[in-house]
Amino acid sequence: MLSKEHKAVIFYAKFFVASICVLLVILGVRNSWQVRENQLAEAESTVSNLSRGLAQHATDTFKEADTALIGITERLEHDGRSPAALIRLERFLVRQVSELSQLSGLFAIDKDGHWIVNSDGMTGDHLSSLDREYFLYHRAHPGNLPHIDRPIKSRTTGDWIITISRRINAPDGSFDGLVMAAIKLDYFSYFYDSFDIGDAGILLLALDDGTMLVRQPLRKDSIGKSLVDTSIYRDYASKTSNGVARIRSSQDGVVRINSYRHLSRYPIFIVAALSEDEVLSRWKSETLLHLFGLLTLISIIVFFGNRLVVQIKLRVAAEQEANESRAYVEHLNLVLQALAMRDSLTGLANRRCFDDAISRELQRAARNKNSLALLMIDVDYFKKYNDTYGHPAGDACLKQIANAIRVAEKRSVDLVARYGGEEIIVMLPDCDAQGAVQIAENILSEVRALAIPHSGNPRGIVTVSAGVAVLNPIENNDIPETIIGMADKALYQAKSNGRDQVRLYIEDAAQVCQSREQSPVRQSES
């Protein structure tokens, strides 16, 4: 028992050490959290700058194509559509496509949808854009602003393209055709692929109505997909011109730092997104390193702090440790004892457990003048089963039979044990002959209900036979071998009389016990 002075010294020493440790933890957590917030803020700035740069790139790309369209329109209005003028215009288109790497082609289309001239040099009445959305749009809308349409596959190259087009008006203002520039989708994909956005980062180019044009990483099935139901579009891009938002993806569950920005001159917006986990990966590794250092420092402080009280509490600690070790050893002994009493295959008690239990039960029953019943159960034609289906199947069969016996035998005081091989023994304290036979019949019924196929059994399924022995009352000179031998003889009689039945051991053979509803059970004789 510690004195008051010693208790006070121990208390203040522990309080001092604990206070220092708590202070270090608070400072460490605060510093780590501040670093995390700084890295997230830096990532937001990075992704915002990235979206701004991508928006400028997209603006320049469409502006260059749009400028080419304005030049084509002016040439058509000034030079007309004579054969000589169209030849000069075709050379101009070819030159423009060669100079602008984003272009797949340039086209001039009349009011009926036929191609007047194009940069690919293709001619023929079969070349028509009458069914294209951009043609239908310009025919229905008199404005002269550029129109950017959904992604389509080029009829000349088969590649995905984005079209930007302008309407051509007749002198009276009516629709007189259009000029169109086809921009390669791969042009944006190759450019976006040059950015290091991590494994879970995303770059998007989409129309203001939510139609996706380009996605990096590239997914062919995402071309033309609608973003209307996505959080980035529904809650942010459709409401404001630009911004930064931290959003958990409904598709892959990744939290990303998203920056979106609308182009001022064209109906397009950009999304640049970085994975929050990847952004914080360096912070996590540094935090683990700092945590290790902090824990090391705290461990040193705790170690030297504890040195103040170790000498005082050494005896108590030693005694407590001895008690804990003793309890642990006792626990291990109980565990080992339990394992030693259990059959590893069936989960039933093993032969050793049964031998111990029946000796104790015979002594108890002899003192109280109680009865004791024993069931000896054996699987019919089990050697044939093993020879036919193999030993693994035999093991599985024994497991199922063991479970069936557990189902049929419900009394908590009884013991079910694997006696050896395919033999299972059931000890029934305080049970008379009628009750023991009934339990045995229940076991046979449960095994039949398993309906385990057995070609070597005349019944076609796995069955068991049971021998029942009862000592009532038990005398002091009764030994386990007595009742076990009786049950074994009854089992032998059940086997000899056709199997799949219950036999009760009765010395004078004067009583008869029914083994099944179909046929009576003949009694075995001593």
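The one condition from (1) more than 30 Å from Val22 (Cβ to Cβ); (2) surrounded by 12 or more Cβ atoms within 10 Å (Cβ to Cβ) that Ser241 does not meet is (2). Applying the set (1) within 30 Å of Leu76 (Cα to Cα); (2) touching a residue at least 40 places away in the same chain (Cβ under 8 Å) to Ser259 leaves exactly one unmet item: (1).
Among the residues of this structure, Thr59 does not count as one that is in contact (Cβ under 8 Å) with a residue 12 or more places away in the chain, touching a strand residue (DSSP E or B) at 6+ places or on another chain (Cβ under 7 Å) and part of a helix (DSSP H, G or I). Quick one: is Asn386 surrounded by 13 or more Cβ atoms within 10 Å (Cβ to Cβ), part of a helix (DSSP H, G or I) and not hydrophobic (A, V, I, L, M, F, W, C)? Yes, satisfied. If the condition is being in contact with a Phe, Trp or Tyr (Cβ under 8 Å, 6 or more places away or on another chain), assigned to a loop (DSSP other than H, G, I, E, B) and under 16 Å from Tyr187 (Cβ atoms), then segment 210-227 contributes only Ile223. If you go through segment 472-498 and keep only what is free of Cβ contacts under 8 Å to residues at least 40 places away in the same chain and not hydrophobic (A, V, I, L, M, F, W, C), you end up with Asn477, Glu481, Thr482, Gly485, Lys489, Tyr492, Gln493, Ser496, Asn497, Gly498. Of all the listed residues (Ile439, Ile484, Ile443, Ile474), the sole one being in a loop (DSSP other than H, G, I, E, B) and crowded, with 16+ Cβ neighbours inside 10 Å is Ile474.
Within the bounds of segment 411-434, is there any residue that is without any contact (Cβ under 8 Å) to a residue 12 or more places away in the chain, in the same structural domain as Leu362 (by TED's automatic domain parsing) and not polar (S, T, N, Q)? No, segment 411-434 contains no residue that is without any contact (Cβ under 8 Å) to a residue 12 or more places away in the chain, in the same structural domain as Leu362 (by TED's automatic domain parsing) and not polar (S, T, N, Q). Candidates are the residues of segment 216-230 that are modelled with pLDDT of 85 or more and aliphatic (A, V, I, L, M); the one that is nearest to Tyr192 (Cα to Cα) is Ile223. Considering segment 174-196, and only residues there that are under 14 Å from Ala272 (Cα atoms) and of a type in the set (S, T, N, Q), the residue that is surrounded by the most Cβ atoms within 10 Å (Cβ to Cβ) turns out to be Ser189. Scanning segment 484-518 for residues that are modelled with pLDDT under 90, under 22 Å from Val379 (Cα atoms) and more than 56 Å from the chain's Cα centre (by Cα) returns a single hit, Cys513. In segment 12-36, the residues that are touching a residue at least 60 places away in the same chain (Cβ under 8 Å) and over 21 Å from Phe304 (Cβ atoms) form Cβ pairs under 8 Å with partners that are surrounded by 11 or more Cβ atoms within 10 Å (Cβ to Cβ) and β-branched (Val, Ile, Thr), at six or more places apart or across chains, as follows: Ser32/Thr287; Val35/Thr287; Arg36/Thr287. Exactly one residue out of Ser412, Ser465 is at pLDDT 95 or above and closer than 30 Å to Lys369 by Cα: that is Ser465.
Yes/no per residue for (1) in contact (Cβ under 8 Å) with a residue 40 or more places away in the chain; (2) buried (at least 17 other Cβ atoms within 10 Å of the Cβ); (3) in contact with a His (Cβ under 7 Å, 6 or more places away or on another chain); (4) in the same structural domain as Leu204 (by TED's automatic domain parsing):
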position: Val94; (1), (2), (3), (4): no, no, no, yes
position: Ser101; (1), (2), (3), (4): yes, no, no, yes
position: Ser128; (1), (2), (3), (4): no, no, yes, yes
position: Leu145; (1), (2), (3), (4): no, no, no, yes
position: Ile162; (1), (2), (3), (4): yes, yes, no, yes
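Scanning segment 386-402 turns up no residue that is free of Cβ contacts under 8 Å to residues at least 60 places away in the same chain, closer than 15 Å to Val462 by Cβ and touching a strand residue (DSSP E or B) at 6+ places or on another chain (Cβ under 6 Å). As for segment 287-299, it holds at least one residue that is part of a helix (DSSP H, G or I) and touching a Cys at 6+ places or on another chain (Cβ under 8 Å).
Scanning segment 75-107 for residues that are of a type in the set (Val, Ile, Thr) and at pLDDT below 90 yields a single hit, Ile87.
The values are calculated or read from the model by the stated rules, or taken from the named source; none is laboratory data. The structure displayed is predicted, hence computed values, not measured ones. Cβ coordinates were reconstructed from backbone atoms using ideal geometry, including for glycine residues, and neighbour counts include every protein chain displayed.
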